[in-house]
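Quick notes on the structure that follows.
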Amino acid sequence: MLSNKQLVIGCSIAFLSNIALLALFVKYNIGEKFYITINHQDITVILPESYLSIGIDASEIQDFNKIDFSNERLLNLAAALSPARLRLGGTMSDRLIFSPNDLPSVSCDHCPQTAVKSFCSSLKKLCRHKFLPFFIMTGTKWIEINNFCLRSNLKLMFPLNVLLRDEHEWSQQNAIEIIKFSKSNNYEIDWQLGNEPNSFRHVFNKTISPHALAQDYKRLRKLLNQSGYKHSLLVGPDTTRPQDHQPNCLKYMVDFLGNASHYINIRSWHQYYLNSRTAKLEDFWTPDTLELLDNQIQTMKNNTQTYHNIPMWLTETSSSYGGGAPGLSNSFAGTPLWLDKLGLAAKNNITTVVRQSFLGGNYSLIDKNLTPLPDWWLSVLYKKLVGNKVLNLTSKSSKFQRLYVHCANRNYTNDTTAITLYGINLQMEKIRFLVNGTAFTEDDLVIDEYIVSAPSNNRRSKTILLNGWPLYYESSMPEFKPIEHMHTKHISMPPYSVGFWVIKNTTIKNCT
């Protein structure tokens, strides 16, 4: 039996514990109130429906049996992100040779007699310069990939191999084969030439100058025009992100545009925040990391302003380069970076963002078992809720909250005044916002809320919660049910979360 003294001590401990728990509850759930102001405004940025697009690294098809492009589940998971572009790129695209025929064993010492002439000459070029290992894209596999795109409502974007060269210029013979084969099958494709050419010295011990690459693009544009692809986009040069300690990237882009601006339709570059080998969890959740992209976009825009009439794309991008950080890039840890990138790029009139990758690597949207990962769910929600007309807001909040606003997706609601607010909360603290401005003069607002978080705030989780319920993909897409708020101008974000709010009955008139 407990003594009076023990009872007093026990009750004191319980009381103090409850006080501590109450303090934690207040700290993490009451939250500080901030303000979001959205006013009437002109729309200056309109995105294509394929703004959020996807990539698959060419290395994933090096083994022809690795991806079954006829798999119905794979098709459905891709179609959920349509309309979109599918870029089939990466380093291995500059080691790729096309053969319209299936071939027996091929090596640097043996080119089969059944191979077309351009194949054997291309093989010799790669082997002579030791651009190895090479791999072969057969007509059969090319048909599978293009049928996959057709069935899932994706448009293929394909970088041709720029390392197939005669002396100082690109050899187009193998490109002619794949272009001719594609046209005979009526495939609609947009084209590129080479992958990250400013890094060739590091990757291939080979240098192609910006001027030489511009001349190669000029030849490719002429070839496409003469081969039935006059209306296909030509996208380039796909340089790496600008960095202060590596000025060659920016210089390469500027010099290329100075010689190739008449031949390309899109100026493109690649962007990653972190090194996959060294990235830590907190690197994914610090505002300093988010600011890297903003600085890189401004640097690229400011230095290529002369060519502002040529749209800008991010044709390969994810959280960390080198295949993605295991357990981070493919978990909820990477989700705020992805949503913030979509918002920031749209705000800056970057009109297409290609996520590396749809399948393959540790930064993929779906895993090898075709199970959707957090950023796939986030991408589907973005497609469902966010429209293509970009609006502006001002926000009084800390650097740990970042917010963006568009007109709502017209397929989501018939309300032509509806807008979609979305953003991230990097803090382990609940944050409350009051929305105000000339867009909200009425008191009858209806807000559909979608909060994405991780179970028990485990940021490494590969399962995510939507409004508190886990998301699973069995044989079809689950229903996304919002929490509806009536007659209020207040929204809140739980600790470590991202959110979407479709706000109806605003006074904005230009979202029609």
Summed residue charge, Cβ within 15 Å of residue 447's Cβ, Lys/Arg positive, Asp/Glu negative: -3
Two-decimal log10 I(q)/I(0) for the range 86-142, as the Debye equation yields it once each C-alpha is a single scatterer, q = 0.15, 0.16, 0.28 Å⁻¹: -0.41, -0.46, -1.28
Rh by Kirkwood over Cα pairs, then Stokes-Einstein D for the chain at 0.692 mPa s and 37 °C, µm²/s: 133 µm²/s
The chain: angle of helix 173-184 to the longest principal axis, Cα-based, in degrees nearest 10: 70 degrees
Modelled FRET efficiency - R0 30 Å, residue 35 with residue 254, Cβ distances, 0.05 increments: 0.15
The range 30-110: relative contact order as a whole-number percent, Cα under 8 Å and 6+ apart: 37 percent
Helical mean residue ellipticity (222 nm; -39500 (n - 2.57) per DSSP H run of 4+; nearest 500) of the chain: -9000 deg cm²/dmol
³J(HN,Hα) computed for each position of the range 234-241 - Karplus, 6.51 cos²θ - 1.76 cosθ + 1.60, integer Hz, glycine/proline x: 10, 10, x, x, 6, 6, 7, 5
Rounded FRET efficiency, nearest 0.05, which uses the C-beta distance separating residue 246 from residue 64 and R0 of 30 Å: 0.25
Solvent-accessible area per residue, Å², over the chain with all protein chains present [probe radius 1.4 Å]: 43 Å²
Label-point separation in nm, residue 456 to residue 410, each point 7 Å along Cα→Cβ: 4.7 nm
Nearest 10 degrees, 0 to 90: helix 335-347 Cα axis against the chain principal axis: 70 degrees
The range 353-461: GluC sites (Glu not before Pro) in DSSP coil with no more than 15 other Cβ atoms inside 10 Å: 442
Beta bridges by DSSP in the chain, antiparallel share as percent, to the nearest 5: 50 percent
Cα-projected label distance for residue 281 with residue 166, points at 7 Å along beta-carbon direction, nm: 5.8 nm
Spin-label zone in the range 483-499 - amide nitrogen under 13 Å from a point set 7 Å from the Cα of residue 469 along the C-beta vector: 483-484
Full-extension gain in nm, residue 76 to residue 396, via 0.36 nm per residue minus C-alpha separation: 111.1 nm
For the range 117-258, the Rg and Dmax computed from alpha carbons only, in angstrom: 15.7, 47
Under Karplus coefficients 6.51, -1.76 and 1.60, residue-wise ³J(HN,Hα) of the range 258-267 in Hz, glycine/proline x: x, 10, 10, 4, 7, 10, 9, 9, 9, 9
Translational diffusion of the range 353-512, µm² s⁻¹ [Kirkwood Rh, Cα pairs; Stokes-Einstein; 4 °C; 1.567 mPa s]: 78 µm²/s
With every protein chain in place, the chain: carbon and sulfur % of accessible area (1.4 Å): 51 percent
FRET E, pair residue 188, residue 222, Förster distance 22 Å, beta-carbon r, rounded to 0.05: 0.65
Within-12-Å neighbourhood charge of residue 416 [Cβ basis; K, R +1; D, E -1]: +3
Kirkwood Rh, Cα atoms: Rg over Rh of the range 97-177: 1.00
Cα-based convex hull volume of the range 202-328 per residue, rounded to whole Å³: 134 Å³
Formal net charge of residues neighbouring residue 268 (Cβ-Cβ distance under 9 Å; K, R +1; D, E -1): -1
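The values are calculated or read from the model by the stated rules, or taken from the named source; none is laboratory data. Here the structure is a predicted model, which is why all the values come from computation and not from measurement. Here the Cβ is made from the backbone with ideal geometry for all residues, glycine too, and neighbour counts use every protein chain on show. In case anyone asks, the SASA skips ligands and DNA or RNA and just uses the protein heavy atoms, side chains included. Shrake-Rupley method; radii C 1.70, N 1.55, O 1.52, S 1.80 Å.
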